Amino acid sequence: MAESSGKTYRSQTIYSVFVRNHTPEGTFEGVRRDLPRIKALGVDIIWLMPIHPLGVKARKGSLGSPYAIRDYRAVNPEFGDLDDFRRLVDAIHGLGMKCIIDVVYNHTAPDSVLAGEHPEWFYHREDGSFGNRVGEWSDIIDLDYAHRGLWEYQTDTLKYWASMVDGFRCDVASLVPLEFWREARAAVEAVRPGCIWLAETVDPGFVAAMRAAGFGCLSDCEAYGAFDICYDYDIYHLFRDYLDGKIPLSRYAEAVNQQEVIYPAGYSKLRFLENHDQLRTAFLIPEAGARLNWTAFSFFQKGTGFLYAGQEAGCAHLPSLFDRDPVDWPDAGRPELFQRLCALKKHPLMADSSYEVKALPGDVLYAVHRKGGRRLAGVFSVRGGSALAAVDEPDGWYENLLDGGLVEVREGRLSCHGQPIVLETGRD
């Protein structure tokens, strides 16, 4: 892990915005007007998905993927101009939040500025043509970091944007050399001290496949050598396998616990249930009670909280990356739920604790943060059913920190009625 990383990211929540689809107009100004509502949820950091102009050649859909970038040093005119972007960032800062932007450094659009000016900085097939290492990504061409000139250009670009924003979410960071990220981070620190570095790391199967094909691909353990926060893809596939009935809940709990011992002591995982690449939670988990418990558990987990715009309103449709497909905001959703969950993230034990998860009978996850004599315990019925949960907590009455109700523990048992429960059962 980068030496400057602290544990504070475990107490924060990131909110992801795709400018094109966040509002009907799809502009920076549209996002700016929505900031007070986002702030009221308790969000700390807003992540803007790529803000740059997109390529036309090999474009997917009518508008193209935001991850097929034409020019790293400009803003997409469909969203507004640079002044509009600066106005949005200033408004984010004015509300006490931070802003990070997407960095897509593994590849560009085939008709990018760099492809025209520096074709030698790209990966080439045996016949000399541009290519990429992941065939289904047909709308992009890969960069080749064997060229030091590319390192300098990319680092200078990061320093330019760091003069405006607070950090970067780095797309498929695992496919870019670790030493580049380390050098870039050190250079950016001079411009933006305390810059936030979030890596989209990849699932184990992807790592294995890329290495088998002869390409470099960072594991999460390696990525923590440069990044503050890594994606949760190392266990996301097990979450999906449990939902599909392929594995028992205990297998997922074991994987969560393994993270505590294989990563640096100060590690932070991005704890998402959905994002722009994955199905909506409301689609994956249509039963409201089960969805509520999984949502509460994701925020209780050790790591950075996460919301993909529309999740708070229970949206089931995942917006297209390639066409205008505005988020359907059916109503206000459940802002009070996310306000409580974001507030729970601020509890001191969320940032600094030992953490363990157990799978109990009845599809219940029992998780505990502990440090010294302090304990924060959570019980989550992830199928939304009632169960009698065996817990290692002292007998007595406790306040449920999620709804203010009273919960009794008696003879090491807690009666769970399908609602998530979080109790503080020990103090120093």
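The values are calculated or read from the model by the stated rules, or taken from the named source; none is laboratory data. None of these values were measured; they are calculated from a predicted model. All Cβ positions, glycine included, derive from the backbone under ideal geometry; neighbour counts span all protein chains shown. Remember, those area values only see protein heavy atoms, side chains included, never the ligands or the DNA or RNA. Shrake-Rupley method; radii C 1.70, N 1.55, O 1.52, S 1.80 Å.
Suppose accessible area is computed on protein heavy atoms with a 1.4 Å probe; arrange 237, 369 from highest to lowest.
The ranking, largest first, comes out as 237, 369.
Send over the per residue convex hull volume for the chain, Cα only, as a whole number of Å³.
So the per-residue Cα hull volume is 138 Å³.
Under the √(5λ) rule applied to the eigenvalues of the Cα gyration tensor, what semi-axes describe the equivalent ellipsoid of region 62-135? Give them in Å, descending.
32, 13, 11
So if the hydrodynamic radius of region 220-292 is defined as the Kirkwood radius over C-alpha pairs, what does Stokes-Einstein give as its diffusion coefficient at 20 °C and 1.002 mPa s, in µm² per second?
Once the numbers are plugged in, D ends up at 158 µm²/s.
Using DSSP loop states and a limit of at most 11 other Cβ atoms within 10 Å to flag trypsin sites (Lys or Arg not before Pro), what is the longest stretch of the chain containing no flagged site?
By the stated rule (loop sites, at most 11 other Cβ atoms within 10 Å), 247-426.
Can you classify region 299-346 as rounded, prolate or oblate using the Cα gyration tensor, where a ≥ b ≥ c are the square roots of its eigenvalues, rounded means a/c under 1.5, and otherwise it's prolate if a/b beats b/c and oblate if not?
It comes out oblate by the Cα gyration axes.
Treat every Asp and Glu Cβ in the chain as -1 and every Lys and Arg Cβ as +1, leave all other atoms uncharged, and give the resulting dipole magnitude about the Cα centre to the nearest 20 debye.
For this selection, approximately 820 debye.
As a test question: what accessible area, to the nearest 10 Å², does residue 93 have when a 1.4 Å probe is rolled over all protein chains in place?
Per-residue accessible area (residue 93): approximately 70 Å².
On average, how much accessible surface per residue is there in the chain, in Å², for a 1.4 Å probe, leaving out ligands, DNA and RNA?
That works out to 38 Å² per residue.
Any chance you could tell me what percent of the C-alpha pair distances in region 204-344 go past 20 Å?
54 percent
With every protein chain left in place, what is the accessible area of residue 84 in Å² (1.4 Å probe, nearest 10)?
50 Å²
Helices from the chain with mean Kyte-Doolittle at least -0.5 and a Cα length along the axis of 15 Å or more, per DSSP H: which?
The answer, listed by residue number, is 28-41, 82-94, 178-189, 233-243, 249-262, 288-300.
How much mean residue ellipticity at 222 nm does the chain get from its helices, if each DSSP H run of length 4 or more adds -39500 (n - 2.57) and you divide by all residues, to the nearest 500 deg cm²/dmol?
The helix contribution divided over the chain gives -9000 deg cm²/dmol.
Exactly which GluC sites (Glu not before Pro) in region 232-290 are in a DSSP loop and have at most 14 other Cβ atoms within 10 Å?
Hits after loop and neighbour filter: 287.
With a/c under 1.5 counting as rounded, go ahead and sort region 328-401 into rounded, prolate or oblate using the C-alpha gyration tensor (a ≥ b ≥ c being the square roots of the eigenvalues; past the cut-off, prolate if a/b is larger than b/c, else oblate).
Since a/c reaches 1.5 but b/c is at least a/b, the shape of region 328-401 is classed as oblate.
Considering only DSSP states other than H, G, I, E and B, which chymotrypsin sites (Phe, Trp or Tyr not before Pro) in region 42-130 qualify as loop sites with at most 14 other Cβ atoms within 10 Å?
Taking region 42-130 and a limit of 14 other Cβ atoms within 10 Å, no loop chymotrypsin sites (Phe, Trp or Tyr not before Pro) are found.
On the accessible surface of the chain, probed at 1.4 Å, how many percent belong to carbon and sulfur atoms?
In the chain, the share of accessible area belonging to carbon and sulfur is 52 percent.
Taking Rh as the Kirkwood radius computed over C-alpha pairs, what is the Stokes-Einstein D of region 45-194 at 4 °C in a medium of viscosity 1.567 mPa s, expressed in µm² per second?
Once the numbers are plugged in, D ends up at 81 µm²/s.
Out of the GluC sites (Glu not before Pro) in region 104-209, which ones are loop residues according to DSSP with at most 13 other C-beta atoms within 10 Å?
Sparse-neighbourhood loop GluC sites (Glu not before Pro): 126, 136.
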